[in-house]
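Undergrad: Got a structure for you, questions after.
Please treat every number below as a calculation from the coordinates, not as lab data. This structure is a prediction, so every number in the text was calculated from the model and none was measured. Cβ: placed from backbone, ideal geometry, glycine included. Neighbour counts: every protein chain shown.
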Amino acid sequence: MAHTLIAYVEDKPGVLNRVASLFRRRAFNIVSLTVGRTEQAGVSRMTIVVDTDEPGARRAEANLYKLVNVLRVDDVTNKPAVVRELVLVKVGVTAEQRTAVLQLVNVFRARVVDISAEAMITEITGSQDKVESFIETMRAFHVISVARTGLIAMVRGGAKISANPPLVAAQLPENGAAEDTSELSMSV
Amino acid sequence: MTKLTGAQMIWECLTLEGVEVVFGYPGGAILPTYDAMLGYKIHHVLVRHEQGATHMADGYARASGKVGVAIATSGPGATNMVTGIATAMMDSVPIVCITGQVGSKAIGSDAFQETDVTGVTLPITKHNYLVTRTEDIPRVIKEAFFIARSGRQGPVLVDITKDAQQGSAEFVWEPGPLRLPGYRPDLRTLPSELERALQLINNAERPLILAGHGIISAGARAQVLEFAERAQVPIATTLLGIGGIPASHGLNLGMMGMHGEAYVNSAIQQADLLLAFGMRFDDRVTGNLKTYAVNARKIHIDIDSSELNKNVRVDVGLVGDLRNVLQELLPGVQSADHSAWLDHIDSMKGDVAVRDIQSLPDTGHLYAAHVINDIWRITKGNAIVVTDVGQHQMWEAQYYKHDHERTLITSGGLGTMGFALPAAIGAKFACPDREVWVVAGDGGFQMTMAELATIKQEKIKLNIAIINNFYLGMVRQWQEFFYEKRYAATPLLGPDFVKLAEAFGLRGMRIQQRAELQGLVEEARADSGTVVIDFQVEQEDSVFPMVPAGADLDKMIRRPARDVLIETGADPDEWELGA
């Protein structure tokens, strides 16, 4: 299943390469990866969606922590979080189809951001389900191009998240058979 | 404050880190650094190939516990280091590799001898750096040494552009802690987890310690022995754990795994609690994971949290330095009597306790296992033995009994042929007063034998045992067992090793009869210079017992009762290649 990890990393050259290389080397399948700066100077935030099981996600997390430039990792898969993706879809439309597309755009609360004689660019932001069903719906027309940003995620609530946590989440057993070790954590 | 060139800074930093010897090879992009070297007291060993430099740094680190240092130029110099860096990575050995890089303005232009070395070594270093500014050199080198030797140790590469070496800046050596906010070498376990571990430990009936390399890296011998003696827990070791606890200790069963003792592997399969101390459940020690120790609860202590539940699911995982974790556990470990369990393991030893090969009739011919066992006897187990990879390596692990830490130096995880000779040179520099033996096969020895010239130039004394069976023996063994004896590309014609040694200005010997062994080995040891001994041994001997790759751990191939080698007693002089 897809796991969504947020990694806070030092904003230094080559860090993206280190993270991507780690996932490749350990044979994890990246669904999407986004990077951007944060409110803190020198700290970038990566949202990594990786297709793996629960122990795989724990292993990915532990391996991320081994990278010297990784400050903090949160698995927000099962946390209340806002998860969003932005998608641009360019559809080729005839004059007759235009109204139909505009109606669908309204239903999805998407937007038209560019329009020309034979095509229009639509923009949608939302959860993965929403954007995917929008793309699927647009396929009824002539989809020329799709551009997706990949997911970004943010945990709900007002708690401040330090990029350099005192506690590191630790390993869970590979399946639920063993007793719960969720309290196992390690302090620096 | 005085200004230094970047090149001077490198040597200044190495001096401040306590480095006494570096292993390297000069070239264009590292030339400024070599030019500055003459002003410093650090001894430079000129190697014959940069791979040798990394293995020497590795051998130095394994023998001394200190950080080993290797230096090379950009491009081919740096890429030649790759095998040695990967070797150190797999076995968690602290080395720092310094490479020259083309000028910062030329980076990315495919300049002469330009290679993206930080890119190439990304997956095989613990961390690496590209330094393009002179003023960054001291901080980066300090970080490199700290990262290499802290936490789970490993190789760190520092790639420094030529203009950064040539530039000048104020030399700032910050005395305080380093600013590495994402680096957590010092993880600790929560008390509740220790409590859960103690419950399992104090209620176990058939406990067994699996002792790995972590015992040596963490210096946890005393704690492991206190634990084992108090709770009466027998100990099995991994290949890299050998020497971590004395071979002669009553609770030490010996090596586990693919070529471990059969009764050790059986004990693992029958145990009700496995205590994995600084080992990582490598496929060479577990065999088939589905059937591995299914009766046992498992407690895993490792400094690297990503090792927990990687291969084997454990009941309790304790993260931290092994010595620290054991010190926290020990107050709660109760005295126990597991004599029934220990007696049972003893009964499984039975006639196996004397290994198969030791009961071979003495035909006067050489068996590799005899050679190694005799070297152990003659050196009274006090030598540092550096092995290569293959059959001889397993025989060494089986027949040389190591009572002391850091006396077996071998490439475990990566299985790097060609490791032994250069690593032994490094070990000798780490321990100049110790007797150092190289035990290598004829295959691996030929991969890095150019370093004989380094030995001659540095005037160091090694004893080099080539276990020469005219085959790539371990591969031949697999072909015999699993590929119907189709010996594809394993018969091996080597040089005359005696003449080869002489060509390098060293002494060579050849031993073909066991009767000659004692006298000639004593003679070689007494010689003040390095002696290369060509031990011509049984060609088609195999390492027993053996767990085939991926098989159940207690399903071992044993030495056939009527061994062909014993029956034919073929004369070594009549051996022909590929016969």
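Undergrad: Taking chain A as the reference, fit the longest principal axis to its C-alpha atoms, fit the long axis of helix A:95-107 to the helix C-alpha atoms, and give the angle between the two in degrees, 0 to 90, nearest 10.
TA: Value to nearest ten degrees: 40.
Undergrad: Same structure again: When we measure straight from the Cα of B:LYS310, which lysines land under 18 angstrom away, once same-chain ones fewer than 8 places off are left out?
TA: Qualifying lysines at Cα under 18 Å: A:LYS66, B:LYS290, B:LYS298.
Undergrad: Taking other Cβ within 10 Å of each residue's Cβ, how do B:ASP403, B:ASP442 sort, fewest first?
TA: Working: B:ASP403 15, B:ASP442 26.
Exposure proxy ranking, most exposed first: B:ASP403, B:ASP442.
Undergrad: Which lysines have a Cα lying under 26 Å from the Cα of A:LYS130, excluding residues fewer than 8 positions away in the same chain?
TA: Here the lysines satisfying the reach criterion relative to A:LYS130 are A:LYS79, A:LYS90.
Undergrad: Roughly what would the spin-label model give for B:ASP186 and B:ASP110, points 7 Å off Cα along C-beta, in nm?
TA: Between B:ASP186 and B:ASP110, the label points sit 4.9 nm apart.
Undergrad: In percent, how large is the relative contact order of chain B, given Cα pairs closer than 8 Å and 6 or more residues apart?
TA: The value is 14 percent.
Undergrad: Still on this structure: Assigning unit charges at the beta carbon (Lys, Arg +1; Asp, Glu -1) and nothing else, what dipole magnitude in debye, to the nearest 20, does the stretch B:25-151 show about its Cα centre?
TA: 420 debye
Undergrad: Compute the signed sum of charges (Lys and Arg +1, Asp and Glu -1) over the other residues within less than 11 Å, Cβ to Cβ, of B:THR2. Walk me through the intermediate numbers first.
TA: Values: positive: B:LYS3; negative: B:GLU12, B:GLU170.
Surrounding charge for B:THR2 is -1.
Undergrad: Placing +1 at every Lys and Arg Cβ and -1 at every Asp and Glu Cβ, with all other atoms neutral, what dipole size does the protein assembly as shown have around its Cα centre, in debye to the nearest 20?
TA: About 2060 debye.
Undergrad: Also, I was wondering about something else. Towards the positive end of the charge dipole of the protein assembly as shown, with charges on Cβ (+1 Lys, Arg; -1 Asp, Glu), say which of B:GLN513, A:TYR8, B:LEU46 has the farthest Cα.
TA: The residue sitting farthest along the positive end of the dipole is A:TYR8.
Undergrad: While we're on this one: Enter the Cα centre distance for the pair the stretch B:448-463 and the stretch A:97-117, rounded to the nearest angstrom.
TA: Computed from Cα coordinates, the inter-centre distance equals 77 Å.
Undergrad: Highest first, please rank the peptides A:141-148, B:406-413 by the mean number of other Cβ atoms sitting within 10 Å of their residues.
TA: Per-residue Cβ counts within 10 Å, averaged per peptide and sorted highest first, yield B:406-413, A:141-148.
Undergrad: Take B:LYS162, B:LYS461, A:LYS66 and order them by how many other Cβ atoms sit within 10 Å, fewest up front.
TA: Details: B:LYS162 25, B:LYS461 15, A:LYS66 19.
The fewest-first ordering by Cβ neighbours comes to B:LYS461, A:LYS66, B:LYS162.
Undergrad: Let me have the relative contact order for chain A, percent, based on Cα pairs under 8 Å that are six or more residues apart.
TA: Numbers: 334 pairs, mean separation 45.4, N = 188.
Worked out over chain A, it gives 24 percent.
Undergrad: Peptide A:66-79: average number of partner chain Cβ atoms within 10 Å per residue?
TA: Partner-chain Cβ atoms within 10 Å, mean over residues of A:66-79: 3.
Undergrad: Provide the percentage of antiparallel DSSP beta bridges, counting only those with both residues in the stretch B:3-170; round to the nearest 5.
TA: 10 percent
Undergrad: Taking the Cα atoms of chain A alone, what are Rg (to one decimal) and Dmax (as a whole number) in Å?
TA: For chain A, the Cα-based Rg and Dmax read 19.8, 64 Å.
Undergrad: Normalised by the number of residues in the stretch B:191-351, what is the relative contact order in percent for Cα pairs under 8 Å and 6+ residues apart? The partial results should precede the final answer.
TA: Numbers: 299 pairs, mean separation 46.0, N = 161.
Here the relative contact order equals 29 percent.
Undergrad: Just the number, please: percent antiparallel of the DSSP beta bridges in the protein assembly as shown, rounded to the nearest 5.
TA: Percentage antiparallel, nearest 5: 45.
Undergrad: Here's another thing I want to ask about it. Measure up B:LYS142/B:LYS456; B:LYS349/B:LYS555; B:LYS41/B:LYS66 against 25 Å on the Cα-Cα distance and list the ones that go over.
TA: Over 25 Å apart, Cα to Cα: B:LYS142/B:LYS456.
Undergrad: Next up: If I stretch the segment between A:GLN97 and A:ALA140 completely, what's the gain in nm (0.36 nm per residue apart, minus their alpha carbon distance), one decimal?
TA: 14.4 nm
Undergrad: So which chymotrypsin sites (Phe, Trp or Tyr not before Pro) in the stretch B:27-66 are both in a DSSP loop and have at most 10 other Cβ atoms within 10 Å of their Cβ?
TA: none
Undergrad: Mind giving me the nanometre distance, one decimal, between the label points for B:GLN232 and B:ALA503, set 7 Å out from Cα along Cα→Cβ?
TA: Reported label-point gap for B:GLN232 and B:ALA503 is 6.1 nm.
Undergrad: Using the Cα centre of the protein assembly as shown as origin and beta-carbon charges of +1 (Lys, Arg) and -1 (Asp, Glu), tell me which of B:THR291, A:ASN17, B:PRO94 is placed farthest towards the positive end of the dipole.
TA: Result: A:ASN17.
Undergrad: Quick check on chain B: of the DSSP beta bridges with both residues there, what percent are antiparallel, nearest 5%?
TA: Numbers: 6 of 71 bridges.
So the antiparallel bridges amount to about 10 percent of the total.
Undergrad: While we're here: Kirkwood hydrodynamic radius for the protein assembly as shown: how many Å is it when counted over pairs of different Cα atoms?
TA: Kirkwood radius, the protein assembly as shown: 28.7 Å.
Undergrad: A follow-up question, please. When the helix-only estimate is applied to the protein assembly as shown (DSSP H runs of n ≥ 4, each -39,500 (n - 2.57), divided by the residue count), what is the mean residue ellipticity at 222 nm, nearest 500 deg cm²/dmol? Provide the component values of the computation, followed by the final result.
TA: Values: 28 runs with 258 residues, N = 767.
Here the helix-only value at 222 nm equals -9500 deg cm²/dmol.
Undergrad: The stretch A:47-70 to the stretch B:53-89: how many Å between their Cα centroids?
TA: Using only Cα atoms to place each centre, the spacing works out to 29 Å.
Undergrad: If you don't mind, there's one more thing I want to ask. For the stretch A:23-69, what value does the Rg/Rh ratio take when both radii are computed over Cα atoms and Rh is the Kirkwood radius, given to two decimals? Don't skip to the end; give the middle numbers.
TA: Numbers: Rg = 11.8 Å, Rh = 11.8 Å.
For the stretch A:23-69, the value is 1.00.
Undergrad: Can you tell me which aspartates and glutamates have their Cα less than 12 Å from the Cα of B:LYS401? Leave out same-chain residues fewer than eight positions away.
TA: Straight-distance partners of B:LYS401: B:ASP374.
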